[in-house]
Amino acid sequence: MSVRLELQCINLNDPSTDECFSLLEKGLGAVADDSQADVARQYKLLQKQAPAQGWRWAKLAQGSRGWLCPNCVALYESQTGQTLN
Ligand SMILES: [Zn+2]
């Protein structure tokens, strides 16, 4: 057995767009062996890959915190005038 990890966009629960990567099932994924050590390793890898793929960690006004997909990053930046790093 293996474990599938997927980074989901925090906008997924309240998408203001139908282009959200997680709606389109374009979320970042990884597959780990069925062990805590490998799940942790793959999890860390995902966190490293995410920024390189255009994902940004954000805290939204509604209180959700987590990763935003590249599409929602662009939307967030155009709505708020802020740049996410
Ligand atoms: Zn999104």
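Please treat every number below as a calculation from the coordinates, not as lab data. Because the structure is a prediction, the values reported are computed rather than measured. Cβ atoms come from the backbone with ideal geometry, glycine included; neighbour counts cover every protein chain shown.
Rounded to the nearest 500, what is the 222 nm mean residue ellipticity of the chain from helices alone, with -39500 (n - 2.57) per DSSP H run of 4+ residues and division by all residues? Spell out each step's value before the answer.
Values: 2 runs with 28 residues, N = 85.
Calculated at 222 nm, the ellipticity per residue is -10500 deg cm²/dmol.
How high is the relative contact order of the range 1-56, in percent, counting Cα pairs under 8 Å that sit 6 or more residues apart?
Relative contact order of the range 1-56: 37 percent.
Can you pull out the trypsin sites (Lys or Arg not before Pro) in the range 2-76 whose DSSP state is coil and whose Cβ has at most 16 other Cβ atoms within 10 Å?
Sites meeting the loop and neighbour criteria: Lys26.
If I take R0 = 25 Å and measure r between the Cβ atoms of Ser2 and Arg65 in this structure, what FRET efficiency does the formula 1/(1 + (r/R0)^6) give, to the nearest 0.05?
Once rounded, the FRET efficiency stands at 0.35.
Plugging the Kirkwood radius over Cα pairs into Stokes-Einstein for the range 28-85, at a temperature of 4 °C and a viscosity of 1.567 mPa s, what D comes out in µm²/s?
My calculation gives 103 µm²/s for D.
Once you place label points 7 Å from the Cα toward the Cβ at Val39 and Glu19, how far apart are they in nm?
Roughly 3.5 nm, to one decimal.
Using DSSP to define loop residues, name the GluC sites (Glu not before Pro) in the range 1-49 whose beta-carbon has at most 10 other beta-carbon atoms within 10 Å.
Those satisfying the criteria are Glu25.
Would you mind calculating the gained length between Trp57 and Ala74 on full extension (0.36 nm times residue separation, minus the Cα-Cα distance), in nm to one decimal? Before the final figure, lay out the partial values.
Values: separation 17, 0.36 × 17 = 6.12 nm, distance 1.28 nm.
Difference between extended and current length: 4.8 nm.
Once the Cα atoms of helix 36-52 and of the chain are each reduced to a long axis, what angle between those two axes, in degrees from 0 to 90 to the nearest 10, is obtained?
That helix lies at roughly 30 degrees to the long axis.
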